[in-house]
Structure formats: structure tokens, C-alpha cells
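Heads up: the structure comes next, in C-alpha cells.
The values are calculated or read from the model by the stated rules, or taken from the named source; none is laboratory data. On a predicted model such as this, the values are computed, not experimentally measured, just so you know. Glycine also receives a Cβ, built like all others from the backbone with ideal geometry; neighbour counts cover every protein chain displayed.
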Amino acid sequence: MLQTKLCSISLKNPTILASGILGVTKESVNRIGKSGAGAVTLKSLCHEERQGNANPTMFGCDDVFFNAVGLPGQGIDSALKEFGRLDNLSVPVIGSIYGYRVEQFGEVAKKMASLKPAMIEVDISCPHMDYGKPYYADPELTAKVTKEVKNNSGKIPISVKLSPNVHDIKEIAHAAEKAGANAITAINTASGMVIDIEARKPILANRIGGISGPALKPIAVRCVYEVYETVKIPIIGTGGVTYGKDAIEMVMAGATAIGIGTGIYYRGIGVFKKVCDEMEIWMKKNKIKNLNEIRGVAHK
Amino acid sequence: MGNGKKSKMTHHETCRTDIPKMLEIRRVVQEGKGQKSFFFNHSIGCKPGQFVMVWLPGVDEKPMAVSYCNKKEFAFTSQSIGKFTNELDKLKKGGKIGIRGPYGNSFSLKSNACIVAGGVGLSSMSTLIDKLKNPLIIYGARSRQHLIYLKRYKNKNMIVATDDGSFGRKGFTTDVLAELLKNKKNKIKIVYTCGPEIMMKKVFEICNKHKIQCETSLERYMACGFGICGKCMINDKICCVDGPIFNSQQLSKMPEFGNFARLKSGKKVTIKEYHSVH
């Protein structure tokens, strides 16, 4: 009922662990696969080892979550040794990559491709890094990075992850598709801040961070809706999906697959199975046999 | 402030709070030469072996074991070993710090228990000791100045050992435990341990040899405390939510226990290298 085709990849269901949550080790990837995710995205890796920001790097409450982890990671070279290969785990793996300069995106993509992930995700949209001018905010820079990664990924499909912190997400998505992206991941976190009035300081050590969780969902649904209007390639709709009804909403906006990250904070690693079960219940009740029947239906 | 539990008012599963709450330090107790306990008038509802995340605005946020807990107040005990704990050490009564939690699972509560603690690791076990009926405590440290709670536990059944013999027996806690378990008349049914990982590994092995159940409180680099940042993985276990307490059955399936840990970057290194950084 929930089997999904994303580019050339067959998924047992459309839920995908979003990058940045848990996907640091092979054993955690396996555990999340076994708990029900259709695919797992690794935490982003770049050309060097990074420690990330000082803590607090994340906190959350009822309907909103904040983070500014600062892209910590062991670096692609160390990951090559630890992972060995990514095509023999319990679930298809998406390798998330980034670099500081355009050439580094290519260099990291090439190494990631050698691990044989099912897909490579290009993180151009993390709002915490000081890139000078952010890649995500400029269609020309987005296209440059997309081309560079595409040229270094062989036959592995690539998805470009977009940020909501832009004036017009449509022109960015269009630029990525034109430059060779096989899919779009929409969206990364929205930029925000929380100040503790007793401490008189922002809580995140980085001060500014990314908003995720249920509060992000309406922004994500709007972005997926706009991207679906603009491109023909599939969309991994990500942002605030916690329940089956959220996933159905994403599909109606135009998503092919559904990213879930912060949902783990609210419902544990079992969130993937719970979301899938809830989707099926809704589909049966509404006599929907296949998600294709409702994909993008909100546009009609 | 919260503990990740569903609120009584819940209308859906997303009712939880993990935001640091600024609390006033009500008293500071010097526990040893470089160790202090910070007390707060706040009921935190902590189970034995749980920890809180402690935020020093502008410095860092770190996990700290809850070392005193009753209906009126709680405390944690810090040992000055780095930038964060040195900044903590400067704080006085009336100062404010951010607290969230408690987090983690908890020790089982079994009778005929033996506690094996090393150094400031005893602080992670004190919420357990308070709940147990007359446990035998084997407590060790490098030297006298590294021992804590000697007054607090003066009426407890406690054997103290120091590496240099400056207090109690000269030698290691693990030697005391091994001797004790060799005596067939011992009534010990379970061993709870917290301290340097090399010590805990040894305790686990001794317990296995004598077919006695063991529970350890493990430490890994943590950022969130609620199981999503993925930094504290030990094999397929998430230390902050699946642990920090692990039993013999779990430990025997964790080859990284006693051998490897992950740096803040996520890079896997030997325990020795890990402790030289964190």
C-alpha cells in the first residue's frame, strides 16, 4: 500500500529519516531501518572533521524544536573507513554531503559515491554555517554546486536540500532541477532564536538556530507546494511531520517521500512505523489504494 | 524543565518540555578538595541513576548525575577538571544556572546489593544508595583528596581503597570485589558500578566469572540527553535514553564497552583517547 518509488529506488514505505538526527553510525542506521523507516539519511559529512558548536545545541518543547549543532562530523575520509559500504544495510541509505567551497562538494560527493549509497543528498541549506553568501539563497550558486555534485556522483541519483530562508524557493528549485538534480528535499530548518529572560541570553550557544518540529510544518507544506508547481523531479517533503496525517498532507502538497527527523523526539524511533500505520488507516478509510491517487491533489 | 513524559493534560503525544530552566543555587557543599555539590530547592522527581543537563550561559551545557534528591530539593556534584567544571566551581549561593531533565533510565532496586564506585562516580550512585537497604559499598580513588561523601556515608557499610594507600586499604576496588566474591559465603546478588570505564569493565568481568548480575552507569559525550543527536551511541544503544544504566546481558552485546567511544565530532576513538579530550 505504501511502497514508493523515489527516482530509481524502491522504498518499502515513503518515510525517510531526515539528515542530522541519529544517522551517525552504521549500527544506528540499521536500528532505524529495522524500526520501520523506508530509508535513512546520514548526518551530513564534509571534507574534514568538525566538532560543531558549543552546547546547548538543541532543546525543544510541545510543538517546536530548536537546534544549532554546527554540522559536527567525523569527515568523509574517516567515514569511508568506518562505513566501508552503504549498500548492505537493513535499509536504503542516503549520504548527505556538503563542503565549504564548490570543489569540495565534488570531492566529498565522489568519496561518498564510492560507498554506494542509494542516493546522495546535497546540503546547501544549513542555516548555521558561515559560507559568506549562502549557496541556498542564490540560484546560480545552487546550480554550480548541483552540477559539481552531479559530475562526481556517477549513476547515483542526487537530491538537493533546500532552505525555507529565501525570498523565492521556486527559483532555487528550478535552478537545481536544470543543473541535473534528480530530486529535491524540501525543507531544512527555518531560522529562529529563543532568549531566556532570566539568563538574558539566547539559549543556543550559537544564538541563532533552526526551528523544526510541528511549528515548521506549515512552512514546509507551503514550500513543497511551491516546489511541486515548479519542478518535475520528485520531492522529499520534510519539516514537522510527526503523525500520519502530516505525511498525507505532505503528499497532497506534492511530496513523493516524507522526511522525518524531529518526529523521533516526540514519538521515539518507532515514529516511522506509527506514521505508516496511521497513513494506512486514513487511506483505507478514504478508499485510497496508492499514494499516487492523492499526490499533489491539493493543487487541483 | 521536564522529563520527556507525556503531560497529564496531553491531547496529543507532543506535550513535553526540554528547555533549560534557570534555578537559583540555594547552597553549595564542599565535598572534597575539588568537588562541590550544588543544591536547588526544586522537586525534580528523579529515579536512581538519572542525570540532568546543566547549562552555564555563555560557557556550555553538560550532563551531571543527580546526587541528592528528595521531595524538597536536589543537587549534583561536580569535580573541577576542565573549563566547564572550573566555571561551575566559581558559582556561589544565589547564582543561577539552567537545568533540564531528569534524563536516562534508572538502576534496578535489588536487595543484597554491592556498590563499586570510583572517584566522583560515587555521585551517580548516591540516588541509588539512598534507596537501597544496607548495601555494601566498595569505594576507591587515586588518593584521599579524590574521595567524596566520607561524612555523608560514615554510617554505611563501606570499604574504602586508595591507589596510594593514603586512606583505607591500598589497592583497587576491583581487587576488593574479587576477594569478596571468592568467599563462597558472600550473599551478594547484584553489583552496581560507576567510575572509570576500565574499572567498570573489570567489575563486569568479575561478576560474569561469578555469575552475578551487574549494572553499570556509562558515560559518553552527550548533547541532547533525549536520544536524537546520535553522539552517545555505544554500538546500537543510545546511551542517554537506552542507558546510561546497562545490565550484564546488554553489556555482553556491546563490544565498544571498555574499548571505544565517540568524540563530539562523532569519530570513533579508543576510550583512552576519548578521555584525553572529553
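When the residues of region A:68-78 are narrowed to those that are at the interface with another protein chain (Cβ under 9 Å from one of its Cβ atoms) and either assigned to a loop (DSSP other than H, G, I, E, B) or aliphatic (A, V, I, L, M) (or both), which ends up surrounded by the most Cβ atoms within 10 Å (Cβ to Cβ)? Looking at residues that are at the interface with another protein chain (Cβ under 9 Å from one of its Cβ atoms) and either assigned to a loop (DSSP other than H, G, I, E, B) or aliphatic (A, V, I, L, M) (or both), I get A:V69.
Residues that are in a strand (DSSP E or B), touching a strand residue (DSSP E or B) at 6+ places or on another chain (Cβ under 8 Å), more than 13 Å from every other protein chain (Cβ to nearest Cβ) and not β-branched (V, I, T) do occur in region A:81-95, at least one of them.
Here B:S80 clears all of (1) surrounded by fewer than 14 Cβ atoms within 10 Å (Cβ to Cβ); (2) among the polar types (S, T, N, Q); (3) in the same structural domain as B:F51 (by TED's automatic domain parsing) except the condition numbered (1). The residue that is surrounded by the most Cβ atoms within 10 Å (Cβ to Cβ), among those in region A:40-55 that are outside any strand (DSSP E or B) and more than 7 Å from chain B (Cβ to nearest Cβ), is A:L42. Per this entry, A:I211 is not counted among residues that are more than 18 Å from A:G60 (Cα to Cα), buried (at least 20 other Cβ atoms within 10 Å of the Cβ), modelled with pLDDT of 95 or more and among the β-branched types (V, I, T). Considering region B:262-271, the residues that are free of Cβ contacts under 8 Å to residues at least 60 places away in the same chain and more than 7 Å from every other protein chain (Cβ to nearest Cβ) include one that is farthest from A:N55 (Cα to Cα), namely B:T270. Please determine whether any residue of region B:235-247 is among the polar types (S, T, N, Q), touching a Phe, Trp or Tyr at 6+ places or on another chain (Cβ under 8 Å) and touching a residue at least 24 places away in the same chain (Cβ under 8 Å). Within region B:235-247 (the criterion being among the polar types (S, T, N, Q), touching a Phe, Trp or Tyr at 6+ places or on another chain (Cβ under 8 Å) and touching a residue at least 24 places away in the same chain (Cβ under 8 Å)), the answer is no, since none of the residues qualifies.
Go through (1) under 30 Å from B:E61 (Cβ atoms); (2) surrounded by fewer than 24 Cβ atoms within 10 Å (Cβ to Cβ); (3) of a type outside the set (S, T, N, Q) and name the single condition A:A220 misses. That leaves (2) as the condition not met.
Taking the conditions exactly as written (within 17 Å of the chain's Cα centre (by Cα) and either surrounded by 18 or more Cβ atoms within 10 Å (Cβ to Cβ) or under 25 Å from B:I81 (Cβ atoms) (or both)), does B:I190 satisfy them or not? In short, no.
Within region A:56-67, if we keep just the residues that are modelled with pLDDT of 95 or more and in a loop (DSSP other than H, G, I, E, B), the residue that is nearest to the chain's Cα centre (by Cα) turns out to be A:T57.
Residue check: is A:A68 more than 17 Å from A:T238 (Cα to Cα), among the small types (G, A, S) and out of contact with any Asp or Glu (no Cβ under 8 Å at 6 or more places or on another chain)? Yes, satisfied. Filtering region B:237-260 to residues that are within 12 Å of chain A (Cβ to nearest Cβ) and under 27 Å from B:I19 (Cα atoms) leaves B:K237, B:I238, B:C239, B:C240, B:V241, B:D242. Among what's in region A:182-201 and is β-branched (V, I, T) and within 14 Å of chain B (Cβ to nearest Cβ), pick the residue that is nearest to A:V251 (Cα to Cα). Filtering first and then ranking leaves A:T189.
In region B:16-38, the qualifying residues are those that are part of a strand (DSSP E or B) and within 14 Å of chain A (Cβ to nearest Cβ), and the one that is farthest from B:G101 (Cα to Cα) is B:E24. Within region A:6-39, the set of residues being under 22 Å from A:V122 (Cβ atoms), at pLDDT 95 or above and in a loop (DSSP other than H, G, I, E, B) comprises A:C7, A:P14, A:A18, A:S19, A:A37, A:G38.
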